[in-house]
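A.B. asks: This is the structure I have questions about; it appears just below.
The values are calculated or read from the model by the stated rules, or taken from the named source; none is laboratory data. Everything quoted here is computed from the prediction, not taken from an experiment. Note: ideal-geometry Cβ built from the backbone for every residue, glycine included; neighbour counts use all protein chains shown. Ligands, DNA and RNA are stripped out before the accessible areas are found, and what is left, the full protein with its side chains, is counted by its heavy atoms. Shrake-Rupley method; radii C 1.70, N 1.55, O 1.52, S 1.80 Å.
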Amino acid sequence: MNGSKSPGLAGFGILKNTTCHTEKKISVFFSIIFMTVGILSNSLAIAILMKAYQRFRQKSKASFLLLASGLVVTDLFGHLINGAIAVFVYASDKDWIRFNQSNILCSVFGICMVFFGLCPLFLGSVMAVERCIGVTKPIFHSTKMTSKHVKMMLTMVCLFAVLIALLPILRFRAYQIQASRTWCFYKTEHVEDWEDRFYLLLFSCLGLLALAISFLCNAVTGITLLRVKFKSQQRQGRSHHFEMIIQLLAIMCVSCICWSPFLVTMARIGINDSRSKDTCETILFALRMATWNQILDPWVYILLRKAVLKNLYKITRGCCGMHIINLHMWELSSIKNSLKVAAISESPVSSKQINLQPLSSVGQ
């Protein structure tokens, strides 16, 4: 029988002869710091989102606020659950044989690692698609992207992530204790069975696909905003678009930098089991980088707002002596005005009004 199908003994073989050693004090310090900072930052983001949702109940903003709330809530529970299990493992001196005889804790840990890893990536791509539709097709967005539809999308994304996380359990494949003895995931050592390779490739391909969709949609959104800015001849068309553009760039950079190493490493292991290149320390470093994405998410999506950017612009202009953009052009409702211009340009009513103006002047 395949050893991976024996839940009670899954992963215990690597506990005897492991070449990966992590210092307990440093590892516990990193786990506690990551968990604390993640919980505090996401809790602050949730408070800001709730306050914003109470103040702004426009249909155009409701979808973004709901998706952002789902993202930060997922990150919060990810830090809380995964961090608590990791601290417990370190506090128990990583003695899995003593507290994981039935492999329940490792299975829960592995399910949470997969779910809270994929779900934020999926939500990030859905937010990118929503923003792209809102900027390129504002009329369609205002009529079709209702709060009900957004809640349905949130539910579908979460259910899909849960299905991917439960897939090994449903196939009677236990999650494996990794070589560092600090976390559980798919089998990453001596991967020979096609199903073990499939899980690694499925996880990495879905994550990379979500990053690619986010990159493409954010690029289209940024280009569209720039085109609206430079084509419009009205004051509203010249309103400042840099807030959304900087957020889009930050979202793409943070997600790609934090998640690409871990996803690529899992894909490489699934393809050729390259343990000579991907050591335990390399995987742990990639995992910690992926954890930083969940810490930085609320700061990128929520806290990188116009007030912060305006102060940064003042400091930069004061240091560099640049006078490219006048600050009085930075209106408080710049993004709203940008979407208004895009909606007016595509609205058939505006074209009718433009055509009726010469006729009225001739009649006079």
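A.B. asks: Using a 1.4 Å probe on the protein heavy atoms only, what accessible surface does HIS149 show? Give it in Å² to the nearest 10.
C.D. replies: Surface accessible to solvent at HIS149 totals approximately 80 Å².
A.B. asks: Ranked by accessible surface with a 1.4 Å probe, highest first, in what order do CYS320, CYS158, CYS184 come?
C.D. replies: CYS320, CYS158, CYS184
A.B. asks: Over the range 24-319, what is the relative contact order in percent, taking alpha-carbon pairs closer than 8 angstrom and at least six residues apart?
C.D. replies: The normalised contact order for the range 24-319 reaches 22 percent.
A.B. asks: Please report the net charge: other residues with Cβ closer than 13 Å to the Cβ of ALA290, K and R +1, D and E -1.
C.D. replies: Net charge around ALA290: -1.
A.B. asks: Tell me the accessible surface of TYR186 in square angstrom (1.4 angstrom probe, heavy atoms of protein chains only), to the nearest ten.
C.D. replies: TYR186 has an accessible surface of roughly 10 Å² with all protein chains in place.
A.B. asks: Further question: Order GLU281, GLU130, most accessible first, counting only protein heavy atoms with a 1.4 angstrom probe.
C.D. replies: Numbers: GLU281 95, GLU130 10 Å².
Sorted descending by solvent-accessible area, the residues read GLU281, GLU130.
A.B. asks: Ok, one more. Residue farthest toward the positive end of the dipole of the range 24-319, with Cβ of Lys/Arg at +1 and Asp/Glu at -1: which of PRO298, GLY110, MET156?
C.D. replies: PRO298
A.B. asks: Starting from the residue with the highest accessible area, list THR265, THR279 in decreasing order, probe 1.4 Å.
C.D. replies: Order by accessible area, largest first: THR279, THR265.
A.B. asks: Along each of the three principal axes of the Cα atoms of the range 53-143, give the extent in whole Å, ordering the values from largest to smallest.
C.D. replies: Between the extreme Cα coordinates on each principal axis of the range 53-143 lie 60, 24, 16 Å.
A.B. asks: Over the heavy atoms of ARG171, what accessible area does a 1.4 Å probe trace out, to the nearest 10 Å²?
C.D. replies: Approximately 120 Å² for this residue.
A.B. asks: Using unit Cβ charges (K, R positive; D, E negative) and no other charged atoms, how large, in debye to the nearest 20, is the dipole of the range 24-319 about its Cα centre?
C.D. replies: 1800
A.B. asks: By its C-alpha gyration tensor, with a ≥ b ≥ c as the square roots of the eigenvalues, how is the range 24-319 shaped: rounded for a/c under 1.5, else prolate for a/b larger than b/c, else oblate?
C.D. replies: prolate
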